[in-house]
1. Only one of 252, 239 is at pLDDT 85 or above and open to solvent by less than 30 Å² (accessible area, probe 1.4 Å); which?
2. What pairs come up if the first residue lies in the range 1-15 and is at pLDDT below 75, the second is open to solvent by less than 70 Å² (accessible area, probe 1.4 Å), and their beta carbons are under 6 Å apart, counting only those six or more places apart or on different chains?
3. Report yes if some residue within the range 289-308 is in contact with a Cys (Cβ under 9 Å, 6 or more places away or on another chain), open to solvent by less than 30 Å² (accessible area, probe 1.4 Å), under 26 Å from residue 52 (Cβ atoms) and not β-branched (Val, Ile, Thr); otherwise report no.
4. Look at residue 211 and say whether it is more than 23 Å from the chain's Cα centre (by Cα), at pLDDT 80 or above and either more than 19 Å from residue 363 (Cβ to Cβ) or not assigned by the TED database to the domain that holds residue 360 (or both).
5. May I ask you to list the residues in the range 287-328 that are out of contact with any helix residue (DSSP H, G or I) (no Cβ under 7 Å at 6 or more places or on another chain) and not polar (S, T, N, Q)?
6. Residue check, residue 38 against (1) within 20 Å of residue 248 (Cβ to Cβ); (2) out of contact with any helix residue (DSSP H, G or I) (no Cβ under 7 Å at 6 or more places or on another chain), all met but one. Which one?
7. Scan the range 380-400 residue by residue and report those that are at pLDDT 85 or above and surrounded by fewer than 16 Cβ atoms within 10 Å (Cβ to Cβ).
8. Quick one: would you say residue 310 is in contact with a Ser or Thr (Cβ under 7 Å, 6 or more places away or on another chain) and part of a helix (DSSP H, G or I)?
Amino acid sequence: EVRLSRRRWLVVLLFSGYSLCNGFQWIQYGSINNIFARFYGVNAFAVDWLSMCYMLAYVPLLFPVAWLLRRRGLRLVALAGAALNALGAWVKLGSLKPNLFPVTVLGQVICSLAQVFILGMPSHIASVWFGSHEVSTACSIAVFGNQLGIAMGFLVPPVLVPDVEDVEKLAYHISIMFFITAGVATALFILVIIVFKEKPKYPPSRAQALIQSRPVEYSYVKSILRLFHNTNFLLLMITYGLNAGCFYALSTLLSRMVINHYPGQEVNAGRIGLTIVLSGMVGALIAGIWLDRTKTYKQTTLAVYIMSLVGMIVFTFTLDLGHLWVVFVTAGILGFFMTGYLPLGFEFAAELTYPESEGTSSGLLNVSAQIFGIAFTIGQGQIMDHFSTMAGNLLLCSVLFLGTIMTAFIKADLRRHRANVGNEQT
């Protein structure tokens, strides 16, 4: 019997909540890179690594976590993600002196472990809890939380931690931010214990009912091998990595870009980052609703990719004009498409790889994103240091151009959609 659970919206909103907290902790150092570099007495590249450690941790740990998701289910993975997120936030409270940079690194590494239990979950939660007519919208809402956290990570730290010279006052302001984060993370962990369930009593869609009615022995290795033999999925994995990697590099280095052209504008640099992510959240939500109504995965993905390229080109050539309002506008256009692409990739992958686990396919997309994200962040940072900000951004433009060409070659093999339609007809 196929039936929708009332709890489904509570589950996806709670997931969005602790994903938000984790996303905030990813970028909270990068948005005020210069302040943390001065407080701890380290260079800007060392602070950049506090963001890049998120990307680095994901690559080796994806496969064990995806295996755990398949064998032990959603609830255990959700508990682990929320618990590690809270633990990392509390560890950071032990790093409120300039000589305790290694402690803040440890706290951030723990948070990066939590991220491994979070990033691959949206499409899996959407498939297990939501009907075929709302699955893409649910996935967008699940991704929405992480993006909102990144947005807050751009906005809140420059407000809570002003650029003051006195080290004790600076430590006090940093402690306020860390205490608030730890309190929120702990409250969300308690809510996950109370609210989060493994799956609804009845399957929410025909495709999910078909999976649950076939209790075959699952081989994780064979599943990965099947995915690597799926040409369309491989193309999507590379193009998703190129796009998301550009977003990670842009987010990590944005503060340095803006301050380079507009000195003393740390707060506005954070607001520009906020604009990128908020407009991307709107784009993601619109894309999810559009996909649920039209099922035009290939066409929508290609159109959004092309517009991401156009937005990046416009942002690159207007950043140094000397008008901050222009940067806000171009950043908003760029974010609408580049960040809005992220849930599109998850849902397109779920369609191309059905009936494989959504946790595995989305996890592989994220591995690609983290690898490219590290490479682009280091590469663009070095180009900015040795040449110019524009040269670094031109690297991202060329990457997005390559991704657009490759996306055009992906065939729209919508297996999950065919399963839903076929079962409804039967």
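The values are calculated or read from the model by the stated rules, or taken from the named source; none is laboratory data. As the structure is a prediction and not an experimental result, all values here were calculated from the model. Cβ coordinates were reconstructed from backbone atoms using ideal geometry, including for glycine residues, and neighbour counts include every protein chain displayed. To get the accessible areas, we keep the full protein, side chains included, count just its heavy atoms, and leave off ligands, DNA and RNA. Shrake-Rupley method; radii C 1.70, N 1.55, O 1.52, S 1.80 Å.
1. 239
2. 1/202; 2/203; 2/209; 3/202; 4/131; 4/204; 5/200
3. yes
4. Considered against the rule, which asks whether it is more than 23 Å from the chain's Cα centre (by Cα), at pLDDT 80 or above and either more than 19 Å from residue 363 (Cβ to Cβ) or not assigned by the TED database to the domain that holds residue 360 (or both), residue 211 comes out as no.
5. Across the range 287-328, the qualifying residues are 293, 298, 303, 310, 317, 321, 322, 323, 325.
6. (1)
7. 398
8. Criteria not met by residue 310.
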